[in-house]
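All remarks here apply to the structure that follows.
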Amino acid sequence: MRFFKERCPFRKNPVTSIVILFIAVFYFFTDTSQHNYLKTDPEKERGVIHWDVISYYAYLPATFIYRDVTLEFLKDPPEGFVNDKKFWPSRLENGNYLILTSMGLSFMYAPFFFMAHALAPLFGEARDGFGAIYQFFLVMGTLVYVIIGFIVLKNLLLRYFKPWITALTLLGIALGTNLYHFSTTDAAMSHAYSFVLIVLFLKMTIDWHDRPTVLRTILTGALFGLITLIRPTNILVLLLLLLWDVKSWRELKDRILFFIRKFHLVLLMFAAFIIIWIPQFLYWKAITGHYLYYTYSTVDGAFYWGNPHIIENLFSYKKGWFVYVPIMFLAVVGIASLRNRKPAFFWPVLTMLVPMVYVFSSWWSWWFGGCFGLRAYIDIYGVMAIPLATTIEYVAERKIKWVRIAYPALIVAMILFHLLNNYQYRKNIIHYVGMNKEVYWKSFFRFKQPKGYWQSLTIPDYYLARRSMYFFYDTGYDNSALKAMGKEEGLREVRSMIMENRKLHKEVKNYAGRTGKSNEEAMQEVTERIYENLIDPSF
């Protein structure tokens, strides 16, 4: 009993432990009140295994239920099988089916998939991998992982901050960011899982530099392998490991020498990383003939490094990171205070975040598809908790009392505002892709859709966006005048509209240069594309 009391988290840090319990209950209540896992009708879209999750999850039922990870059975389906949005592969020129995403999330899903598969008969469900029980276990699996992530983050924050600062920071991350949405409503998406793994990686980085044992080396390499296997762009978190506790150019040189002296451990870490990736390499080799393959090339997914949309990515009404998750603005501002207060974190966090912003802004869909907020940044919220906590600590030490009170109050207000936004998103008051300045302010603090909502949205042209040309269709556009012109005159009108849009006109020219087309050919292609969508809108 004495042993238990001494180690009981509620006894040692009651405030932070109560916060973790509150987060777990709040997330669980959200899961069970929305019960997305009960939505199994593919005609109306499954509640959990849908969109990107179809690809993330595909490896498990393909391998363990249909016994064919190549998906060849789709060409000659077994009796009774209907591919009603169960699998969503790309078709290659060699005739093979390719699962678009890498298999990292399937590794994370696996324990809960097997539990659902074992229990399905007890609940009278088919062992097909897609019923309510499979979706329920995916949701509960996300909850388990996320709470583990918050426990690790809590313990990490307590190394550097007071319990009340840690508690407020945890609440800010859990309820004041879109991690909440992607841990509950869209639970099976990759971001909650990446959040957990990157928190573990940050802790392992600190522990490894403190004492680089063989076991810690293997675990660090394996963690990094799994992080990148889920989302390859998260390779940038390696900068945390490379630059941890580096404060000057001299220390950077010492760090390089350290890695040279520990080269055997570097090789061991790399080996652990590669082992995690081996199943993926073998899968790509079997399907494509190559051990490394850029799968998104099959759907025209690309980064346009010369045309990043940094301002839009961070500040736009459509999906701006700071607009829909304003608490992260406080965290980013807090990076400056790390240099004096928590210098070990300053360069790792800064040098990781800056290229991430550039990479995310250079993706063809800089708004990252239909979702709530800029979801790509969710993965690093555990890291951003450090500068957020640092700002709270800094303000708490100010002599002016109202400042000490106002800042925590501001964070609480941001949490409440974000929860309202989350409600608005679920009620289609915030649109998944069509937001703009007009709709944002029409919907501000509304609990019902404002008048004229559906006529005020702006929908991106995905075909053009995949080619780094950005045109947004106004859902309230009256095309009667354009139709009355006839096609030739209408095309001239659209062409004139493109010419007046200097940014789009420049993007059309760049598109011509990349593809080897003449400027006239590119202009004609874009003009016809926009004209047809204006005449016969499909959004």
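What follows is calculated from the coordinates using simple rules that are stated; it is not laboratory data. A quick note: this is a predicted structure, and the numbers were derived from the prediction, not measured. Heads up, the Cβs are rebuilt from the backbone with ideal geometry, glycines too, and the neighbour counts pull from every protein chain shown.
Beta carbons within 10 angstrom, averaged per residue: use that to sort the peptides 284-296, 339-351, highest first.
Descending packing order for the listed peptides: 339-351, 284-296.
Mind checking which lysines have their Cα closer than 17 Å to the Cα of Lys451? Skip sequence neighbours fewer than 8 apart in that chain.
Lys427, Lys437, Lys442
What is the distance, in nm, between label points placed 7 Å from the Cα along the Cα-to-Cβ direction at Phe28 and at Ile275?
Here the answer is 3.5 nm between the modelled labels.
Sorting check: for 307-320, 172-185, 138-151, 408-421, which peptide has the highest mean count of neighbouring beta carbons within 10 Å, and how do the rest follow? Numbers along the way, then the final one.
Numbers: 307-320: 18.4, 172-185: 25.4, 138-151: 20.9, 408-421: 16.6.
Ranking the peptides 307-320, 172-185, 138-151, 408-421 by packing returns 172-185, 138-151, 307-320, 408-421.
Calculate the FRET efficiency for Arg261 and Lys285 from the Cβ-Cβ distance with a Förster distance of 41 Å, rounded to the nearest 0.05.
Efficiency computed from Cβ-Cβ geometry: 0.70.
About the Cα centre of segment 27-136, how large is the charge dipole given +1 on each Lys and Arg Cβ and -1 on each Asp and Glu Cβ? Please answer in debye to the nearest 20.
Roughly 140 debye, rounded to the nearest 20.
Which trypsin sites (Lys or Arg not before Pro) in segment 5-86 pass both tests, a DSSP loop state and at most 14 other beta-carbon atoms within 10 Å? Please list the in-between numbers first.
Values: sites: Lys5, Arg7, Arg11, Lys12, Lys39, Lys44, Arg46, Arg67, Lys75, Lys85, Lys86; in loops: Lys39, Lys44, Arg46, Arg67, Lys75, Lys85, Lys86.
Those that pass, being in a loop and sparsely packed, are Lys44, Arg67, Lys75.
At 7 Å along Cα-to-Cβ for each site, give me the label-to-label distance between Ala481 and Glu43 in nm.
With each label placed 7 Å out from Cα toward Cβ, I get 4.2 nm.
Can you compute the charge dipole magnitude of the chain about its Cα centre, using +1 on each Lys and Arg Cβ and -1 on each Asp and Glu Cβ, nothing else charged? Give it in debye, rounded to the nearest 20.
Approximately 2640 debye in magnitude.
In whole Hz, what ³J(HN,Hα) sequence does segment 67-74 give by Karplus (6.51, -1.76, 1.60; θ = phi - 60°), x for Gly and Pro?
Computed from phi, the couplings for segment 67-74 are 6, 7, 5, 7, 6, 4, 5, 5 Hz.
For the pairs Lys85/Lys487; Lys262/Lys342; Lys44/Lys318, flag any whose C-alpha to C-alpha distance is greater than 31 Å. Working shown, then result.
Values: Lys85/Lys487 37 Å; Lys262/Lys342 26 Å; Lys44/Lys318 26 Å.
Going by Cα-Cα distance, Lys85/Lys487 fall outside the 31 Å limit.
Could you tell me the center-to-center distance, by alpha carbons, between segment 161-194 and segment 293-319 in angstrom?
Centre-to-centre (Cα) distance: 25 Å.
What list of ³J(HN,Hα) values in whole Hz, one per residue of segment 80-95 in order, does the Karplus curve 6.51 cos²θ - 1.76 cosθ + 1.60 (θ = phi - 60°) give from phi, with Gly and Pro shown as x?
x, 7, 10, 7, 7, 6, 7, 10, 9, x, 8, 9, 8, 5, 7, x
Mind pulling the angle between the C-alpha long axis of helix 327-341 and the longest principal axis of the chain? Nearest 10 degrees, somewhere in 0 to 90.
Rounded to the nearest ten degrees, it is 40.
Tell me which label goes with the value of Rg and Dmax of the Cα atoms in Å computed from the coordinates here: (1) 24.9, 86; (2) 36.9, 125; (3) 45.5, 141.
Of the labelled values, this structure produces (1).
Restricting to DSSP loop positions (anything but H, G, I, E, B) with no more than 10 other Cβ atoms inside 10 Å of their own Cβ, which GluC sites (Glu not before Pro) remain in segment 22-88? The partial results should precede the final answer.
Working: sites: Glu43, Glu45, Glu72, Glu79; in loops: Glu43, Glu45, Glu79.
When the GluC sites (Glu not before Pro) of segment 22-88 are filtered for loop state and at most 10 Cβ neighbours within 10 Å, Glu43, Glu79 remain.
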